[in-house]
Every structure is written in C-alpha cells, then in structure tokens.
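These notes concern the structure reproduced below.
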Amino acid sequence: MEPPENYSTSTSFAEPFEDAQKIILRWDSTASEEARERMIFGGDRQEVDLYLQAVDEIQRSMSSTSISPPSSHHHDQDSNSNKVNSAIQIAMARLEDEFRNILINHTSPVEVDSLFILDHAPAPASSLNHNTSSVGSSNEFDQEEVGGGGGDHVDALDPIQRADSSNSSASYRSTSSIREIDLIPQEAVADLQSIAKRMISAGYLRECIQVYGSVRKSAVDASFRRLGIEKLSIGDIQRLEWEALETKIRRWIRAAKVCVRILFASEKKLCEEIFYGIGTAIDDACFMETVKGPAIQLFNFAEAISISRRSPEKMFKILDLHDALMDLLPDIEVVFESKSADSIRVQAAEILSRLAEAARGILSEFESAVLREPSRVPVPGGTIHPLTRYVMNYISLISDYKQTLIELIMSKPSTGSRYSGDPTTPDMEFAELEGKTPLALHLIWIIVILQFNLEGKSKHYKDASLAHLFIMNNVHYIVQKIKGSPELREMIGDDYLRKLTGKFRQAATSHQRATWVSVLYCLRDEGLHVSGSFSSGVSKSALRERFKTFNAMFEEVHRTQATWLIPDSQLREELRISISEKLIPAYRSFLGRFRSHIESGKHPENYIKYSVEDLESAVLDFFEGYPVSQHLRRRSQ
C-alpha cells in the first residue's frame, strides 16, 4: 500500500481533510481485503505516523465543522460534517482493532515460577530489563510438597537460592513488598497510549476501556489458572472436604501474594503508563475493568473459609490465612487505593476480621470439647490417653502462633470457681496467675480442664493403683510437652509447671502405696513370735503362711503390672528404682531373719520361692506393657 503525497502544506479545509480521508479509507477493513490482512502498527513506522496524523486531521476537521458559523452554504456544511463523522467512525473502528491487536500480540501468561522467585526476592537497587511474558512451566507449583503446622510455607528449594541461581532479571519498582513487572514492552505501551489518547478525545472512552479490559482480564484469568486459582463459588468451597481445602489454602496463600504484589500491581502500573496524562479516573477505570472480577474471585476463597463451619482442626489453616492476609493488607491498600476500588479494600478488611473471630470461636469451642470429651473406656495399661496427646499437640501448635493469637485473644477464659459449686466444671482462680496474657490463661485453662476430664476417666479403672498410674502417665506427658516447647513453657510459666510436676509425682507415690503397702505388710515381724519356755520364739506355721502370702501377692503384682505401660523410659526406670528401694531391702532383711526357720523344716522351696536377685529381676518386667511368664524364675540354689 503506497503512502499518499504529503498533505500538510494545504491551507484549505478540503485538501488536508481529503488527504487524511484517503488514508483513513485505505485502511478501512470493511472495504479492503488488504486492510483486513495487515495491521498498521505491525508494519512500517512511517505508515503508523501518517495514519495518526490523518486521525489528528480528521479530529481537527470535526472540531472546525462543529464551531463554524452559519453560512449560506448550509448544505455544504452538512455534507462536510457527514464526511468527517463517517471518517472518524472508520478511523476509530480501525484504531480499536489496532489497540486490541497490540494488546493481544504482547500478552502472554507470565511464567509462574519466576513470579514466586520474584515475590521472595529483595527489593532491587536498580532496574533491569526482563521479559516476563514468556510462557513457562508451573509444574513445580503444582507438585509442591504438603507440609503441616506453621511451617508449610517453605519451598523445597529456598526461593532466594533459586533467584540467585536464575539467569533472569527483573524490571520493577518496589513499594514495601510490591514487585511491579513490565507486562508489555515499552514501545508497545507507547503505541497503545497514542491510540488511547485519540480514541478518548474522539469520545470513544467506553470502547477503549472495554477492549483493554477484555484482553487484559483474559491475561489475568490465564495467570490465575497457572497459579491454580480455581473459579469456585463460596458454596462450592464450603462443600469441599477439609483435607482438600487444606491443600487449596496452602496454594491460595502462595498465589495471593503473587496476585496482589505482582500481577495486580503490574496491571495497575500498565494502566497508569498507557493512560498517563489522559485523565486520572481513566486509568482507575481500566484497572478495575481488568482486575475487579479476578480480585473478587481471589478473595471469595478466603471469605468462604472465614464463614465456614468451625471445628478445631481448622484453627491453624485459618491462622495461616489470617497471617497471610494481614501481611498483604498494606499492599492491598496501595494497589487498590482509588475510590473505585473501595469494595476490594473493604472485602479484604472484613475477611480479616471474620478470620480473627473464627479463630477466637474455635478456641472457645475447643475448650468445651476437651471438657466434655465423653469416652469412658479405660485405655489399656494406664498409658497416655489419646485425648492427652491430641490436646497437648494442639496447644503446642497454638504456641507456634503465639504472636498472632496474643493480638487476637483479648479476653480471659470463662472458667469455673471454687465457689460456684458446679461439679461438672473445674476450678481456676486467676489471682494465682496474675500477669499472664489472656492467651496464656486460655492455655492453662485447657490443661486444667484436660486434667479434670482425665480424673473422671481414671475412675473407670477398677484397680486404684492403675488409676494412679494413669494420672501419673498423663500428667507427666503434659509436663514433658510443655518443657519441649520454649514458647509454650514461657506462656505457662515455671510456677504452674512445678505444680504439674508435683501432681504426677504425687500420683506415682499414690500408685506405690496402693500396690505395695499390703505386699510389704507381709514382711513385718508382728504376729510371727510366740511365747513359751519350750518354743524358739517363732511360729513356723505362721512364718510359712507369711511366705506363701507374700509369694502369691508378689506374683499377682508381677503378672498384672508387667502388662501396665509407662511409655517414657526415664519415668519407667525411676518408678522401678523407687519400688526396688522399698521392696528389696525389706525382703532381704526378712529373709535374713527367718530363712533358717524355714530351711530347717520340710520342703523349704515351697515357701522361700525367690531369692533377692529373683525379685530384682522381676521388677525389671514391670510397666513394659506385655504379659510375662506365669511363673517367676525360681531362686538360685
């Protein structure tokens, strides 16, 4: 297509308009197959300049016809106006197509992996050139490892290391955590701006915004798909199983950071560049046309979680969401700062508030669940109850979120009082815990009600000695879990920890008393001596009966308590040593005093069945949690 001769020297209305009109009509895609197949901005820059000059001339002609005074050539004026209007419509249709084509040709899904690297990268000291529109793989994101607790934000490879090992560089400016990238090359941005100015000045603002929004929104939607952000309604999300939601929450947290700090921020930057100087509200309008739908889609996920049915297992993912959104809120305020974006800012703030309320509600419901946990079947062997493990693991995880929860938990727990007279609720006096944060008081209260529940469960054991062992095991486990978490120990405090330590030691003492007082009673001297001039002073029949009773009682203790279990090896050894320190000296002394009386009679092996060493060996069988031989090893000869 040959360019026309230069028309700029003409001074009459007809010549410059007609020359411009010729250029406009040459590129009328409705009338020319060649115009349909070629794009102006895809060819020679001289043609681009000529076309834009022609559009400018048409617009000047439109202005001059609209302000010309009435004349006798009224018919000519109407004819000129019609020609100008027709030319401007053809030109705007063409510019709209060019605008769309430039946007499409320079719009590709951004590389997901590079965005995650960029989100973790430190703010740059200088701008570098980077093409972020290249298509990349999102396999790494799709195959992320599933973690647990408060540590599931960690990638298999440190993002900073990945950034350092990458050959890519980035061009962006940084506002706090915001990382703006060039979505479209600067030369294309300049062309888009030149088209936008002419369309808007000709009154085609709505068409310009619609074209821009439709193309860029498609690009954002494509990036969403690559980030794994699904189009799910709030109802869809609430119908999902929690296990599936946990994975989606992890994915959402990573994706939301990229969306707000990079994608949305970069879309805002692009709007500002293209529509710079045209009108302050226009770039906002284009930005919201592009991202409002995707932003609502993004935040609807967090909103659905915030209003879902509460249950204890949801606490930590809700806190992860809360922390992520709290971290993002300053960036949301920056990216969505305009008045037209009020609804996005408000939605984010309301979700954050609901997540905080959900966490408070879950903690309260967890306390009630611990207090009311109904299981009545005693755990075999008096070992640690599943409830104890669950509760202590739970509050250990709570302590990992200490900084967040200290800000969220502002009120003390609703506890019982020693004056309430309510037998279904334990007592807890705050005066003894002065200076503790409300969160610390809640954690102590959970431990109090756990012990209260365990005391109730211990009553289902028929053997009092086993009931004491059960309390000892469980309170010892509580103590060890507190000691194993520096954050939890700091909140609980050493004073309360000493109180718990005293409780499991008291339970150990009670267990030994319940077991061994009657056994050791057999090894007393009382009742064995008789008076008379022909007697040795010891009743052999009473002595034989005493040895038989001791043997039977010890065998029963050995048989039963070998099947009882103390899972903690150190505690198990301590209790065995304590038993041996009481049992072995008493038996050695009794045997030393009365052995000769039995051995001088018939069948002494029926009465002195065990040596001191046999008993020492037998004690080592205690609390292993499995049955032993029905008969102890007989004493050494």
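Looking at the structure I just gave you, is SER420 of a type in the set (Gly, Ala, Ser), modelled with pLDDT of 95 or more and either open to solvent by 60 Å² or more (accessible area, probe 1.4 Å) or under 29 Å from ARG376 (Cα atoms) (or both)? So SER420 does not fit the description; no. Residues in the stretch 597-619 that are among the charged types (D, E, K, R) and under 18 Å from ARG559 (Cα atoms): LYS609, GLU613, ASP614, GLU616. Of all the listed residues (LEU387, LEU441, LEU397, LEU355), the sole one being closer than 22 Å to PHE316 by Cβ, open to solvent by 40 Å² or more (accessible area, probe 1.4 Å), in a helix (DSSP H, G or I) and touching a residue at least 24 places away in the same chain (Cβ under 8 Å) is LEU397. When you check GLU613 against the structure, is it assigned to a helix (DSSP H, G or I), out of contact with any strand residue (DSSP E or B) (no Cβ under 7 Å at 6 or more places or on another chain) and more than 19 Å from ARG513 (Cα to Cα), yes or no? Considered against the rule, which asks whether it is assigned to a helix (DSSP H, G or I), out of contact with any strand residue (DSSP E or B) (no Cβ under 7 Å at 6 or more places or on another chain) and more than 19 Å from ARG513 (Cα to Cα), GLU613 comes out as yes. For the stretch 189-308, the helices (runs of 4 or more DSSP H) that sit wholly inside it and include 3 or more residues that are crowded, with 20+ Cβ neighbours inside 10 Å are 205-227, 242-258, 265-274, 280-306. Would you say ARG513 is out of contact with any strand residue (DSSP E or B) (no Cβ under 9 Å at 6 or more places or on another chain), under 30 Å from PHE470 (Cα atoms), surrounded by fewer than 17 Cβ atoms within 10 Å (Cβ to Cβ) and without any contact (Cβ under 8 Å) to a residue 40 or more places away in the chain? Against the criterion (out of contact with any strand residue (DSSP E or B) (no Cβ under 9 Å at 6 or more places or on another chain), under 30 Å from PHE470 (Cα atoms), surrounded by fewer than 17 Cβ atoms within 10 Å (Cβ to Cβ) and without any contact (Cβ under 8 Å) to a residue 40 or more places away in the chain), ARG513 qualifies.
Listed here are the residues, each with its yes/no results for (1) within 26 Å of the chain's Cα centre (by Cα); (2) surrounded by fewer than 22 Cβ atoms within 10 Å (Cβ to Cβ); (3) polar (S, T, N, Q).
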site	(1), (2), (3)
ASP463	no, yes, no
ALA467	no, no, no
ILE471	no, no, no
PRO486	yes, yes, no
GLY493	no, yes, no
TYR496	no, yes, no
LEU500	no, yes, no
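Looking at PHE622, PHE594, can you tell me which residue is more than 23 Å from ALA464 (Cβ to Cβ), crowded, with 17+ Cβ neighbours inside 10 Å and touching a residue at least 24 places away in the same chain (Cβ under 8 Å)? Answer to the selection: PHE594. Beta carbons closer than 6 Å, at least 6 apart along the sequence or on distinct chains, pair a first residue in the stretch 307-332 that is within 20 Å of ILE262 (Cβ to Cβ) with a second that is open to solvent by 30 Å² or more (accessible area, probe 1.4 Å) and of a type in the set (Gly, Ala, Ser) for PRO330/SER176; ASP331/SER177. For SER375, the requirement of being in a loop (DSSP other than H, G, I, E, B) and either in contact with a helix residue (DSSP H, G or I) (Cβ under 9 Å, 6 or more places away or on another chain) or on the phi > 0 side of the Ramachandran plot (or both) is met. Checked against (1) within 22 Å of the chain's Cα centre (by Cα); (2) within 22 Å of ILE229 (Cβ to Cβ), ARG310 meets all criteria but (2). Of all the residues in the stretch 625-637, those that are open to solvent by less than 50 Å² (accessible area, probe 1.4 Å) and either modelled with pLDDT of 95 or more or within 52 Å of the chain's Cα centre (by Cα) (or both) number 2.
Residue pairs whose Cβ atoms lie under 7 Å apart, separated by 6 or more positions or on different chains, with the first residue in the stretch 494-505 and free of Cβ contacts under 8 Å to residues at least 24 places away in the same chain and the second assigned to a helix (DSSP H, G or I) and not β-branched (Val, Ile, Thr), are LEU497/ARG489. Criterion applied to SER169, SER176, SER223 was being at pLDDT below 90 and within 25 Å of the chain's Cα centre (by Cα), and the one residue passing it is SER176.
Taking the stretch 277-317 as the range and being touching a Cys at 6+ places or on another chain (Cβ under 7 Å) and aliphatic (A, V, I, L, M) as the test, only LEU298 passes.
The values are calculated or read from the model by the stated rules, or taken from the named source; none is laboratory data. Quick caveat, the model's predicted, so the values are computed rather than measured. Counting neighbours? That spans all protein chains shown, and the Cβs are built from the backbone with ideal geometry, glycine included. Just the protein is used for accessible areas: all its heavy atoms, side chains included, with ligands, DNA and RNA removed. Shrake-Rupley method; radii C 1.70, N 1.55, O 1.52, S 1.80 Å.
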